[in-house]
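The block underneath contains the structure these notes are about, expressed in structure tokens.
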Amino acid sequence: MPRVGTAGPRWCVPGQVTQAKEVRELFYVKWAGFDYGETLMDPSGLRNHLLWGDTCKSIGRPELTADKVKAYRQLREAYGEYHTVKEGHRHEVYEHVLAGDDRAQRAFMEAEPRLLMEGDGLKWGLRYLRDEGIVLDIVSELKGTVGPIGENVILRFLRAHGLASLFRFLITPLGKIDVATGRIIDDRYRGHTKEEGTLFDVLVEDLAEQGVKGDEAVMVGDRPAFDIQPARARGLLTIQYVGYVDLPSGTPAARPDARIGSFAELPGLVAGWEQRPGGNGRR
Ligand SMILES: [Mg+2]
């Protein structure tokens, strides 16, 4: 596994430190992991009547829209929230809502990523981090896909929004997936979840092999129980994204190192940590 963050200086703020040695000492954050649902992806535009209206229209059966909306809502009632249905129970969307109809599935797969929106300031914030040499991965609770793994909902979202080239890997309970090829390249993650925290155990080990220590890595996500608490407990820096939902952090141990309402805040925030004498703000 190639080492991360050895390419050279990344944070060189004009008027501040210019000595190579000192600059190197300011480099802490080498890796950033992003949650998908309600973080990178903002579901505000995905109104059910639009999603199922577009899907049914494109198969020439607009009269089915109300039935599909109802069937989808039944899944939401069974699993609590749409994000849980979308990330963990997609096969049931195909079976229960789309009744195994291949044409309808293809229409749904085209409509969904198009209607999903990006988190506020996402492209700008991510490009900035990437251009500064920080490696970007996605860390998601994606537990199942329908059809080829390389066609999963997250990769389709990235492609539909021109974001795929910014990310390296998609880390999930299905394994570590190479964003460029859509292939699983590391099985160690299989069966491990964010909710149980074991996915982060594997991640910390994986990052260490790449030369990235826990406090050189930052996890960004919206859900304290999935993205913040288990990552923080394993020594990663954490940022809670509150641009879509602002969930209470719970106990002091679960509190993130920072909260942002827009990804446009990321560059200044990470640079601020890097510029602190002696560390990144937690030392
Ligand atoms: Mg989320």
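Every read-out reported here was derived from the displayed coordinates using simple, explicitly stated rules and does not represent laboratory data. This structure is a prediction, so every number in the text was calculated from the model and none was measured. All Cβ positions, glycine included, derive from the backbone under ideal geometry; neighbour counts span all protein chains shown.
If the viscosity is 1.567 mPa s and the temperature 4 °C, what translational diffusion coefficient in µm²/s does Stokes-Einstein give for segment 47-115 when Rh comes from Kirkwood over Cα pairs?
On the way: Rh = 11.8 Å.
The estimated diffusion coefficient comes to 110 µm²/s.
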**Item:** Whole-Hz ³J(HN,Hα) from phi, Karplus 6.51 cos²θ - 1.76 cosθ + 1.60, for segment 185-199, glycine and proline x
**Value:** 10, 8, 7, 4, 7, 4, x, 8, 10, 5, 4, 7, x, 5, 4
**Message:** With a cut-off of 8 Å between alpha carbons and a minimum separation of six or more residues, what is the relative contact order of segment 144-281 in percent?
**Reply:** 13
**Asked** What residues qualify as long-range amide H neighbours of residue 238, i.e. H under 5 Å apart, gap of 5 or more or another chain, H built at 1.01 Å from N?
**Response** 219, 257, 258
**Item:** Candidates 229, 210, 105, ranked by Gaussian network fluctuation over the chain, Cα under 10 Å, top entry
**Value:** 210
**Complete:** Unit-weight point scatterers at every alpha-carbon of the chain, Debye formula, q = 0.11, 0.12, 0.13, 0.16 1/Å: log10 I(q)/I(0) is -0.64, -0.75, -0.87, -1.25
**Across 30/123; 68/176; 30/86; 143/213; 86/176; 68/194, pairs whose alpha-carbon gap is larger than 24 Å** = 68/176; 30/86; 143/213; 68/194
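Quick one: order 218, 153 by neighbouring beta-carbon count within 10 Å, fewest to most.
On the way: 218 27, 153 22.
In order of increasing Cβ crowding within 10 Å: 153, 218.
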**Fill in**
In whole Hz, the Karplus estimates of ³J(HN,Hα) for segment 171-183 (6.51, -1.76, 1.60; θ = phi - 60°; x where Gly or Pro) are 9, 8, x, 8, x, 8, 10, 6, 5, 5, 9, x, 9
